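Presented below is the structure to which this report refers.
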Amino acid sequence: MSGALVYGAPLPVAEVKASDDGWEVAGYPSTWDRDLGDDVVHPGAFAKSLSGGGKVRFLFAHDAAQVLGRPLELKEDAQGLFGRFRISKTRLGQDVHQLLMDGALDSFSIGFIPRDFDRDEKAGVRNLKAVDLLECSLGALPMNA
């Protein structure tokens with residue numbers, strides 16, 4: 001990278017649909033690719049968080065005061081961390097749902113605490129081997145393009 005922060009094309013939200021008690025959205029909050037902060041999350045990094053039974057929040061723009069709903073499914077696959085989420089039928093949920101339907105909001109992101117990592121100084125990356133996943137967010141400018 002040239003030093004300037006450049007945003008790439010985000011991974012699209014895979015699906016938005018209505019259910020009886022809210023809306024659902026699905027996609028990849030994290031992939032195994034290098035992000036704009038020079039982090040690479042590796043397969044297995046989320047394993048302890050996903051199997052430990054701890055709460056993973058579903059937020060809008062990483063803001064703990066803007067709870068959007070809850071995760072319905074979180075799993076690692078060949079591409080990264082896949083999630084399916086319920087958007088609650090609140091004012092915030094209605095606004096976010098409309099932004100998703102309009103295509104104005106189209107990206108996921110994660111909040112985490114790194115637990116096991118190393119730095120590859122030659123490649124200029126931090127390799128994340130284990131993280132505590134705290135939250136998944138819908139947002140406009142993801143680090144993981």
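The values are calculated or read from the model by the stated rules, or taken from the named source; none is laboratory data. In this text the structure is predicted, and so the values were computed from the model without any measurement. Ideal geometry is used to build each Cβ from the backbone, glycine not excepted, and the neighbour counts take in all protein chains shown. Quick note on the areas: whole protein, heavy atoms, side chains included, nothing else; ligands and nucleic acids left out. Shrake-Rupley method; radii C 1.70, N 1.55, O 1.52, S 1.80 Å.
Length gained on full extension, D116 to Q98, computed as 0.36 nm times the residue gap minus the Cα-Cα distance: 2.7 nm.
How large, in percent, is the carbon and sulfur part of the accessible surface of the chain at a probe radius of 1.4 Å? That fraction is 51 percent. Take the Cα radius of gyration of region 12-134 and divide it by 2.2 N^0.38 Å, N being the number of residues; the result is 1.10. Per residue, the chain reaches -3000 deg cm²/dmol at 222 nm when only DSSP H runs of four or more residues are counted, each adding -39500 (n - 2.57). Secondary structure note: in the chain, about 85% of the DSSP beta bridges are antiparallel. Sorting 138-144, 94-100 by their mean Cβ neighbour count within 10 Å, with the most densely packed peptide first, gives 138-144, 94-100. Other residues whose C-beta falls under 9 angstrom from the C-beta of F58 contribute a net charge of +2, scoring Lys and Arg +1 and Asp and Glu -1.
Surface exposure of the chain, expressed per residue as accessible area with a 1.4 Å probe, stands at 55 Å². If you fit an axis through the alpha-carbon atoms of helix 91-102 and take the longest principal axis of the Cα set of the chain, what angle between them do you get, 0 to 90°, nearest 10? Approximately 70 degrees, to the nearest 10.
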